[in-house]
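Taking it in order: structure first as structure tokens, then the write-up.
The values are calculated or read from the model by the stated rules, or taken from the named source; none is laboratory data. Since the model is a prediction, treat every value here as computed from it, not as a measurement. Glycine also receives a Cβ, built like all others from the backbone with ideal geometry; neighbour counts cover every protein chain displayed. These accessible areas exclude ligands, DNA and RNA; they are computed on the full protein's heavy atoms, side chains included. Shrake-Rupley method; radii C 1.70, N 1.55, O 1.52, S 1.80 Å.
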Amino acid sequence: MNIEEKVWEILCSEEEIAQKVKELGERITKDYENKNLLVIALLKGSFIFAADLVRKIPLQTKMAFITTSSYGKETSSSGKVEIISDIEEELGDYDVLVVDDIIDSGLTMKYVCEHLRNKKPKTLASCVLLDKPSRRATTIEADYVGFTIEDRFVVGYGLNYGDYYRNIPYIFAVTDKNRE
Ligand code: IMP
Ligand code: MG
């Protein structure tokens, strides 16, 4: 894939993202006020979103991280999900909120939620910044969704393209120049 043959278009600006993250943080804060929140962020994609989100949740909160397999250089999922690095915590005392950058086919979120449900948390919910519902290959929805978007490959704010561009502070859609 040659980056020069692509069209880059801003989908969510820094300001729009900040506003959405604030709204999600407020909803989560209300819902978890009397709970024992443990945020589990899925790496690498959610590292920026999760970092911004937890700073909008002024509750006593723990954080943990799971690394799931990535797409590599492809722009569509292989369909196989792998946990490369798992949490060490026992979950029995916690209200777990899984945070990811995007729910696309849904296979990652479904796999991770089933994996965590086996560890018997008090409650389990999920939060994603972006949702591509038209791409869903399994029955799963996130409990908290920032933006619902069309079927386009998106990059920036933690999301990668060939493992680059995670540090771009806004979200781009990338398309082929000659795609109709
Ligand atoms: P799913 O398992 O198909 O739902 O894909 C979830 C994972 O794929 C996310 O955690 C992202 O890391 C990655 N992903 C899905 N869509 C995109 C995209 O448009 N751009 C970059 N990464 C994506
Ligand atoms: Mg990911």
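Being at pLDDT below 95 and in a helix (DSSP H, G or I) is a condition met by at least one residue of region 4-16. What are the residues in region 99-121 that are open to solvent by 10 Å² or more (accessible area, probe 1.4 Å) and closer than 16 Å to Asp131 by Cα, if any? Scanning region 99-121 gives Asp100, Asp101, Ile102, Asp104, Ser105, Leu107, Thr108, Lys110.
Screening Thr123 with (1) within 9 Å of ligand 1 (Cβ to nearest atom); (2) modelled with pLDDT of 95 or more; (3) of a type in the set (Val, Ile, Thr) gives one miss only, at (1).
When region 17-48 is limited to residues that are farther than 26 Å from Glu90 by Cβ and among the hydrophobic types (A, V, I, L, M, F, W, C), the one that is most open to solvent (accessible area, probe 1.4 Å) turns out to be Ala18. If Val96 satisfies all but one of (1) within 21 Å of Leu53 (Cα to Cα); (2) more than 16 Å from ligand 2 (Cβ to nearest atom); (3) open to solvent by 20 Å² or more (accessible area, probe 1.4 Å); (4) in contact with a helix residue (DSSP H, G or I) (Cβ under 9 Å, 6 or more places away or on another chain), what's the number of the condition it fails? For Val96, the failing item is (3).
Scanning region 88-113 for residues that are modelled with pLDDT of 95 or more and over 17 Å from the mean Cα position of the chain (by Cα) turns up Glu90, Leu91, Gly92, Asp93, Tyr94, Asp95. Whether a residue is away from ligand 1 (no atom under 12 Å from the Cβ) and more than 13 Å from the chain's Cα centre (by Cα) was assessed, and Ile149 does not pass this test.
Residues in region 40-53 that are β-branched (Val, Ile, Thr) and out of contact with any helix residue (DSSP H, G or I) (no Cβ under 8 Å at 6 or more places or on another chain): Ile48 only.
Only a single item in (1) surrounded by 17 or more Cβ atoms within 10 Å (Cβ to Cβ); (2) over 14 Å from the mean Cα position of the chain (by Cα); (3) part of a helix (DSSP H, G or I) is not met by Asp52, and it is number (2).
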